[in-house]
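The values are calculated or read from the model by the stated rules, or taken from the named source; none is laboratory data. All figures in this text were calculated on a predicted structure; none of them were measured in a lab. When we count neighbours, we look across all protein chains shown, and the Cβ atoms used for this are built from the backbone with ideal geometry, even at glycine.
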Amino acid sequence: MRWLLDSVILIDHFNGIDSATRFIDEERTDIALSPVTRAEVLTGFTDDHRPLAAELLDQFPTLAIAAAEGDLAARLRRTEGWRLPDALQAAVARHNMLDLVTRNTKDFPPERYDFVTVPYVLESGGDARRPGRR
């Protein structure tokens, strides 16, 4: 495993953003999820569509949140000022030595955090592009 997928990447996939789907397809064998990602993604689905979303999520290992991750998340909340879900995501990524894959550059600017990977950015209109390219 190499990547911990943040919910925004999966939400982009379900919303038809090709760059998200491409990243997931290309990196499929190196992706893990956290319980936070599962909860955030599944919250957005109706009862009729939730099983289809869960089917995709079940293709990836879901890493546990135990005492070590909880303690690290508490420390990150104090030092970084993150909300609990973001602190838990970062703690799971750090504890498991994975990069957190996200588009949330407001809370996770990659120039500040070396464990953050932003695989694409959305331009106005919802089109995606690779960072640093036009």
**Report entry** Positions within the range 51-67 being surrounded by 15 or more Cβ atoms within 10 Å (Cβ to Cβ) and either out of contact with any strand residue (DSSP E or B) (no Cβ under 6 Å at 6 or more places or on another chain) or in a helix (DSSP H, G or I) (or both), in sequence order
**Finding:** A53, L57, I65
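Residue-wise test of (1) at pLDDT below 95; (2) surrounded by 12 or more Cβ atoms within 10 Å (Cβ to Cβ).
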| site | (1), (2) |
| --- | --- |
| R77 | no, yes |
| L88 | no, yes |
| N96 | no, yes |
| D99 | no, yes |
| D114 | no, no |
| S124 | yes, no |
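Can you pull out every residue in the range 101-111 that is in a loop (DSSP other than H, G, I, E, B), buried (at least 21 other Cβ atoms within 10 Å of the Cβ) and not polar (S, T, N, Q)? Steps first, please.
Of all residues in the range 101-111, those in a loop (DSSP other than H, G, I, E, B) come to 102-111.
Now drop any that are not buried (at least 21 other Cβ atoms within 10 Å of the Cβ), which leaves 102-103, 108.
Passing the criteria: R103, F108.
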Query raised in the report: Here is a list of conditions, (1) among the β-branched types (V, I, T); (2) assigned to a loop (DSSP other than H, G, I, E, B); (3) buried (at least 19 other Cβ atoms within 10 Å of the Cβ), and I9 meets all of them except one; can you say which number that is?
Result: (2)
Query raised in the report: Would a scan of the range 86-96 turn up a residue that is part of a loop (DSSP other than H, G, I, E, B), more than 14 Å from the chain's Cα centre (by Cα) and not polar (S, T, N, Q)?
Result: no
Requested in this report: Select from the range 63-91 the residues that are in contact (Cβ under 8 Å) with a residue 12 or more places away in the chain and among the polar types (S, T, N, Q) and list them in ascending order.
Outcome: Q89
Query raised in the report: Are there any pairs with C-beta distances below 9 angstrom linking a residue in the range 19-45 that is without any contact (Cβ under 8 Å) to a residue 24 or more places away in the chain to a residue that is of a type in the set (K, R) and assigned to a helix (DSSP H, G or I), with the two at least 6 apart or on different chains, and if so which?
Result: L42/R50
